[in-house]
Amino acid sequence: MSMYVAKITWKSDAPDTFAQNKYTRGHVWEFDGGVSVPASSSPHAVRVPFSVEAAVDPEEALVASAASCHMLTFLWLAARAGFNIASYTDNAVGEMAAMEDGRQWIAKIRLDPQIEWLGDAPTAEQLADLHHRAHEGCYIANSIKSEIVVRGV
């Protein structure tokens, strides 16, 4: 089985006010290959200046992971089916909701892929099938309980 590793690093910027909940939520995600990503809590959850607005938050990362996984699986399936894609852009959106006990979760992820085809494009039925199979084959979609909806499918 494959293993996926991320190193998360946070350091206090306010040791005297930490217990009053006044500290940065800014931290760094590091991945194999040397990529470092500035991360933070969402400003929707923790107000600025304690959140870093310019950083990626875990909720955005979840939405991006689901959209990216769907896209990569879709591209692979489309290529195998003989279709040629010039570009694929997705403005994915995650919707936060409350559970019955009040806890928050990303209840729905809406994918909105805009695809430019080179040559023959699939029929509406073929496109829906490609998206369905991409969803079924996506590791992230298979790992989360959020509903994932593809616009137009």
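The values are calculated or read from the model by the stated rules, or taken from the named source; none is laboratory data. Keep in mind that this is a model prediction, so the values were computed, not measured. With ideal geometry, Cβ positions are generated from the backbone for all residues, glycine too; neighbour counts draw on all protein chains shown.
Overview of values
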quantity	calculated
Set Phe31, Phe18, Phe50: member being surrounded by 13 or more Cβ atoms within 10 Å (Cβ to Cβ), of a type outside the set (Asp, Glu) and not assigned by TED's automatic domain parsing to the domain that holds Arg110	Phe50
Near pairs, Cβ below 6 angstrom, 6+ apart or cross-chain, from segment 124-153 (modelled with pLDDT of 95 or more) to any residue that is of a type in the set (Ser, Thr, Tyr)	Ala134/Thr73; Gly137/Thr73; Cys138/Thr73; Ile140/Ser65
Lone qualifier among Glu95, Glu59 - being of a type in the set (Asp, Glu) and touching a Ser or Thr at 6+ places or on another chain (Cβ under 7 Å)	Glu59
Test: residue in segment 47-70 that is in contact (Cβ under 8 Å) with a residue 24 or more places away in the chain and assigned to a strand (DSSP E or B)	yes
Scan of segment 72-112 for residues that are of a type in the set (Asp, Glu) and either assigned to a strand (DSSP E or B) or touching a residue at least 24 places away in the same chain (Cβ under 8 Å) (or both), ordered by number	Asp90, Glu95, Asp112
Yes/no for Ile115 being closer than 17 Å to Ala61 by Cα and either part of a helix (DSSP H, G or I) or in contact (Cβ under 8 Å) with a residue 12 or more places away in the chain (or both)	no
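Quick grid of which residues meet (1) over 19 Å from the mean Cα position of the chain (by Cα); (2) under 19 Å from Ser65 (Cβ atoms); (3) among the hydrophobic types (A, V, I, L, M, F, W, C):
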residue	(1), (2), (3)
Asn84	yes, no, no
Asp90	no, yes, no
Gly94	no, yes, no
Ala98	yes, no, yes
Asp101	yes, no, no
Gln104	no, yes, no
Leu111	no, yes, yes
Ile115	no, no, yes
Leu118	yes, no, yes
